[in-house]
Amino acid sequence: MAEKGASRGAGRRFWSLPRKRRGAPGRHKPDEIMHQDLVPLCAADIQEQLKKRFAYLSGGRGQDGSPVITFPDYPSFSEIPDKEFQNVMTYLTSIPSLQDAGIGFILVIDRRQDKWTSVKASVLRIAASFPANLQLVLVLRPTGFFQRTLSDIAFKFNRDDFKMKVPVIMLSSVPELHGYIDKSQLTEDLGGTLDYCHSRWLCHRTAIESFALMVKQTAQMLQAFGTELAETELPNDVQSTSSVLSAHTEKKDKAKEDLQLALKEGSSILESLREPLAESVAHSVNQDELDNQATVQRLLAQLNETEAAFDEFWAKHQQKLEQCLQLRHFEQGFREVKTSLDTVSQKIATFTDVGNSLAHVQHLLKDLTSFEEKSSVAVDRARALSLEGQKLIENKHYAVDSIHPKCEELQHLCDHFTTETCRRRELLNKSLELHSLLETSMKWCDEGIFLLASQPVDKCQSQDGAEAALQEIEKFLETGAENKIQELSNIYKEYDCILNEDLLEHVQKVFQKQESMQEMFHRRQASLKKLAAKQTRPVQPVAPRPEALTKSPCPSPGAWRGSENSSSEGNVLRRGPYRRAKSEMSETRQGRTSSTGDEEESLAILRRHVMNELLDTERAYVDELLCVLEGYAAEMDNPLMAHLISTGLHNKKDILFGNMEEIYHFHNRIFLRELESCIDCPELVGRCFLERMEEFQIYEKYCQNKPRSESLWRQCSDCPFFQECQKKLDHKLSLDSYLLKPVQRITKYQLLLKEMLKYSKNCEGAEDLQEALSSILGILKAVNDSMHLIAITGYDGNLGDLGKLLMQGSFSVWTDHKKGHTKVKELARFKPMQRHLFLHEKAVLFCKKREENGEGYEKAPSYSYKQSLNMTAVGITENVKGDAKKFEIWYNAREEVYIIQAPTPEIKAAWVSEIRKVLTSQLQACREASQHRVLEQSHSLPLPTPSTTSPSKGSTRNAKKLEERKTDPLSLEGYVGSSLPKAPEKGKGWSKTSHSLEAPEEDGGWSSAEELINSSDAEEESGVGPKKLVPGKFTVMVDDEKGGLDTLAMKSGDVVEVVEEGAEGLWYVRDLTSSKEGWVPASSLSTLLGKSSSAQCLSSSGKTHCARQLCPEPADVLCPEPV
């Protein structure tokens, strides 16, 4: 209530404005008009009566200053109602000041043109109803002789009727009147010189009285407004205080406006009163005019005084309200800042981690710096608010007792935050210093281990090599003073403030590693010193005596060793070399054993080094993903940042970031933890990759979305939103660099796995590492293939129905359709077509590559779909005569032949191998499905038995009938699933044309121009001359009775694979039945395999069966075997 009391005090001072000046002698004061108890008459109220001019106050004065009221000649004087007469008399007598009215009025009654009866009536009426004191009554009697005479006589005889308190003097002429009143005080109609205009007088009187009323109302309005202000309760919030201040200011402005209007009106009236004098210097101003001017001036002075008093009161009230508003702003700011500082203090209290690695500490320091920068806004605001409070105190604010404690609390919170931040930074700097020392020591140890591992053992066996290695070691050990931990106790003492249990264990491990490494160096030094200290034994330059050798038929081991160690010139050892040689060889073995142990330990350290790099980069990768998700992706949903996001980014977060959040959760929650569990056994890290290989498929989805993300980024990279986020995160690189991180990371794994595998050849997890590396490379290939696959346009079907994408690449393609075709009827094309082939499990697609303009991912090519071949009707010819890079893909019994030229022979070999795998898997599936169907039937239709001759037409027909009776369809789905195969669709079955092994060319390929030895013509001619051997799989027809120690023995019925031809007529053969392999002479092999003259006829439809005892599976021509 102190605030309200102060305001009321100001109000009381405002009420002490001057109001009345009663009792002062002299004239009426303007406030007397304003504060009369009885409402006085105003000129405006009786304006019509005053306009009749039956009486007026000219402003003239008698000799003693008595006001003169003139009653001019007015014929209808007797007809004036008493009320009007009374009002006019009352009004006229109220105009002069109290002092002048106290002397008494002089009445001048002009009846020169009237009758005596009228004079008598007028005098009697005036005497009866005059409301003020009279000093003298002067009557100008009628000027006519008769009336004058009559008036003299009548006045004498009726003197008693005129008995009044003042004498009544009858004047006969105007000059007599001048004897009583000076001419200057009489108007012109009475022979005087007083300038009087009744209408002007009436106008002035009306204006003055209106102004006086205005002044009164203005004063009353200001008093009421002051009362309202004084009684106003000060609000407790910013908004209400602002509203009150605004409302009061508005009312004050309105009051000041009314006040200024009143002052303007008064000044205008005063100017009007002074106008006659300004127009004529000779103009004489009567007393009434002087009184009017004085009245207006006093009213104006009162207005000015009232305004000054009100301004003073308003200034105090306004200051009160403004201070109240400042206080409310300060209190509101204090609450907000205190909440922010409390939050900041809670967060800084959570910064207890001192880091577990150098990178981690650097990350913590970066987080602390970032947190300090973000918190500096709140701290700076708190300090600014405290300074603002101090200024309020200095400006003598009324609420000092409330402001001062808050300023002290703000300063305390800021100082606490600064102190705590500095303390945390000092601890982290200490931790950084310690981890740098540990990191330096570990790096020094790793370099030492690498040095030991890189020293070739064989070269160290010589004296020079040992000395060189020893110098290397000594030179390296000299660097230990700068890089290794000197005293463990000093570390404990210096870094006691940050040494928690984990860090202490880490320090001990590093120190133990350092000690172990030094011990390894000392052992290596000892070994090398022994090797370097060995003296070269002296030798004799002459040959040994022959009898020395003949006397001992059984030489001693020492002699043999001595001879083995002698020089090539035949030098022999001196006497007694046995013990020395034995001792030296024993030392050499020990050195080698020690070196082997050192190498194993070196490899273990290198594995840990790779593991540490894997973990460090994985943690950094997870942190970077989190930073992008929180600093960019989450901010896109922040309403405070919405104004910075361009319209092109609305609802595009999934396109820009893809499935990065899914990748982050996989690495943060699963993969990183599993990697950390392998920190003690780095060689087992391959299992982590193998167990999570399915989860790594999420990268394929991310990479497939990358072109869309890249395109969106290029459109919106200049958006202020990205710049603001980058500024907040303090990133030197823009967002697109971080969006590339997942792509870079998935390619990094295979490099780290290669390094780990390099140092884990003989370890337990080597096979897992190799398999993990192969799987990661497979994922990379799948990702790369999928990037090309999504660029295919124009394909009507679903690419997912074609099975897994196995390979893709660009080739030159020729077409050679030898038979008529419904769509393609053209000769071989001489100019190749450039096609990009996509090999799926169920089809091969031919597309045309189209390069696109643009940058980055926008420059990636697109592929226009041209045609596809169903793999159930495809056959291949591995080699085409004349070019080792070409192979054939033929379709529907060679109705369509596509000659494919690969960029390199290696690419061709990879494609042929993959196609063979697909066709082989289909063939195997057909066999299994056929056997399953035959077993389900009544065994009435067994498979054809092997024969040495070609099948008859009847057997072929029986085979066809067998196939026709089969109701279970064949399909590729049946090959890999558990259900029976379905029949291939019409025109898409296996090729009906038999294909042969082609004659080998000089380049190792097989010519398509050679005679097909598995055709019917070849069978007829097979009996002429010996058959040339070719690689492939065959069935042995005759027992090998000549097998020896150096050759492979085979039995009739064995399935063998002829691999390759060697030197001296030998062939390398692998017996698939006995799992043995070896070299066999070509003559013997021809005898064993030559009884069967025909190869098996391979049919895609399974309707033609040509089973033989000679059953090759050619390496160059492959199509599915018959069911």
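The values are calculated or read from the model by the stated rules, or taken from the named source; none is laboratory data. Just so it is clear, the model here is predicted, and its values are computed rather than measured. Glycine gets a Cβ as well: all are built from the backbone with ideal geometry, and neighbour counts include every protein chain shown. The protein model used for the area step is the full one, side chains on, heavy atoms only, and it has no ligands, DNA or RNA in it. Shrake-Rupley method; radii C 1.70, N 1.55, O 1.52, S 1.80 Å.
For segment 872-924, give me each residue that is free of Cβ contacts under 8 Å to residues at least 40 places away in the same chain, open to solvent by 40 Å² or more (accessible area, probe 1.4 Å) and closer than 14 Å to residue 811 by Cβ.
If the condition is that a residue be free of Cβ contacts under 8 Å to residues at least 40 places away in the same chain, open to solvent by 40 Å² or more (accessible area, probe 1.4 Å) and closer than 14 Å to residue 811 by Cβ, then 885, 886, 904, 905, 906, 909 are the ones that fit.
To keep it simple, each residue is scored yes or no on (1) in a helix (DSSP H, G or I); (2) modelled with pLDDT under 85; (3) open to solvent by 60 Å² or more (accessible area, probe 1.4 Å).
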site: 41; (1), (2), (3): no, yes, yes
site: 45; (1), (2), (3): no, yes, yes
site: 50; (1), (2), (3): yes, no, no
site: 57; (1), (2), (3): no, no, no
site: 75; (1), (2), (3): no, yes, yes
site: 83; (1), (2), (3): yes, no, yes
site: 93; (1), (2), (3): yes, no, no
site: 102; (1), (2), (3): yes, no, no
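Anything in segment 489-546 that is assigned to a helix (DSSP H, G or I), modelled with pLDDT under 80 and either open to solvent by 70 Å² or more (accessible area, probe 1.4 Å) or among the basic types (Lys, Arg) (or both)? List them, or say none.
Across segment 489-546, the qualifying residue is only 546.
When you scan segment 458-488, how many residues do you find that are surrounded by 12 or more Cβ atoms within 10 Å (Cβ to Cβ) and part of a helix (DSSP H, G or I)?
The qualifying residues number 19.
Which of the residues that make up segment 194-213 are closer than 17 Å to residue 265 by Cα and either of a type in the set (Lys, Arg) or open to solvent by 60 Å² or more (accessible area, probe 1.4 Å) (or both)?
Selection gives 203, 205, 210, 213.
Taking residue 694 as the residue in question, decide whether it is free of Cβ contacts under 8 Å to residues at least 24 places away in the same chain, closer than 29 Å to residue 781 by Cβ and of a type outside the set (Gly, Ala, Ser).
Details: free of Cβ contacts under 8 Å to residues at least 24 places away in the same chain: yes; closer than 29 Å to residue 781 by Cβ: yes; of a type outside the set (Gly, Ala, Ser): yes.
Taking the combined requirement at face value, the residue satisfies it.
Scanning segment 727-740 for residues that are part of a helix (DSSP H, G or I) and either hydrophobic (A, V, I, L, M, F, W, C) or closer than 20 Å to residue 366 by Cα (or both), which turns out farthest from the chain's Cα centre (by Cα)?
737
Just for segment 1055-1072: of the residues that are out of contact with any helix residue (DSSP H, G or I) (no Cβ under 9 Å at 6 or more places or on another chain) and at pLDDT below 75, which one is least open to solvent (accessible area, probe 1.4 Å)? Show your work before the answer.
Of all residues in segment 1055-1072, those out of contact with any helix residue (DSSP H, G or I) (no Cβ under 9 Å at 6 or more places or on another chain) come to 1055, 1057, 1059-1060, 1062-1064, 1068, 1070-1072.
Remaining after also requiring at pLDDT below 75: 1062-1064.
Details: 1062: 24, 1063: 76, 1064: 174 Å².
The selected residue is 1062.
Among what's in segment 770-802 and is assigned to a loop (DSSP other than H, G, I, E, B) and open to solvent by 40 Å² or more (accessible area, probe 1.4 Å), pick the residue that is modelled with the lowest pLDDT.
First pass over segment 770-802, keeping only residues assigned to a loop (DSSP other than H, G, I, E, B): 790-791, 794-798.
Filter once more, keeping what is open to solvent by 40 Å² or more (accessible area, probe 1.4 Å): 790, 794-798.
Details: 790: 81, 794: 87, 795: 88, 796: 86, 797: 85, 798: 85.
Filtering segment 770-802 for residues that are assigned to a loop (DSSP other than H, G, I, E, B) and open to solvent by 40 Å² or more (accessible area, probe 1.4 Å), the one modelled with the lowest pLDDT comes out as 790.
Specify which of the listed residues (322, 307, 331) is open to solvent by 60 Å² or more (accessible area, probe 1.4 Å) and in a helix (DSSP H, G or I).
322
Would a scan of segment 652-665 turn up a residue that is outside any helix (DSSP H, G or I) and at pLDDT 90 or above?
Yes - at least one qualifying residue is present in segment 652-665.
Among 150, 136, which is the only one that is farther than 17 Å from residue 54 by Cβ, surrounded by fewer than 22 Cβ atoms within 10 Å (Cβ to Cβ) and at pLDDT 80 or above?
Details: 150 fails: at pLDDT 80 or above.
The conditions single out 136.
In segment 666-683, which residue that is hydrophobic (A, V, I, L, M, F, W, C) and at pLDDT 90 or above is most open to solvent (accessible area, probe 1.4 Å)? Talk me through it step by step, then tell me what you get.
Taking segment 666-683 and keeping what is hydrophobic (A, V, I, L, M, F, W, C), we get 666, 670-672, 675, 678-679, 681.
Subsequent filtering for residues that are at pLDDT 90 or above retains 666, 670-672, 675.
Details: 666: 14, 670: 56, 671: 0, 672: 20, 675: 0 Å².
Only one residue tops the list, namely 670.
Spot the failing condition for residue 113; the list is (1) in contact with a strand residue (DSSP E or B) (Cβ under 7 Å, 6 or more places away or on another chain); (2) not in a helix (DSSP H, G or I), and only one is missed.
(1)
Might you let me know whether segment 227-240 holds any residue that is out of contact with any Pro (no Cβ under 9 Å at 6 or more places or on another chain), under 30 Å from residue 294 (Cβ atoms) and surrounded by 18 or more Cβ atoms within 10 Å (Cβ to Cβ)?
Scanning segment 227-240, I find no residue that is out of contact with any Pro (no Cβ under 9 Å at 6 or more places or on another chain), under 30 Å from residue 294 (Cβ atoms) and surrounded by 18 or more Cβ atoms within 10 Å (Cβ to Cβ), so the answer is no.
Condition (residue is assigned to a helix (DSSP H, G or I), more than 30 Å from residue 372 (Cα to Cα) and open to solvent by less than 80 Å² (accessible area, probe 1.4 Å)) applied to segment 426-438: is it met by at least one residue?
no
Which condition does residue 1103 not pass, out of (1) at pLDDT below 55; (2) under 21 Å from residue 876 (Cα atoms); (3) buried (at least 20 other Cβ atoms within 10 Å of the Cβ), if it passes all the others?
With (1) at pLDDT below 55; (2) under 21 Å from residue 876 (Cα atoms); (3) buried (at least 20 other Cβ atoms within 10 Å of the Cβ) applied to residue 1103, the lone miss is (3).
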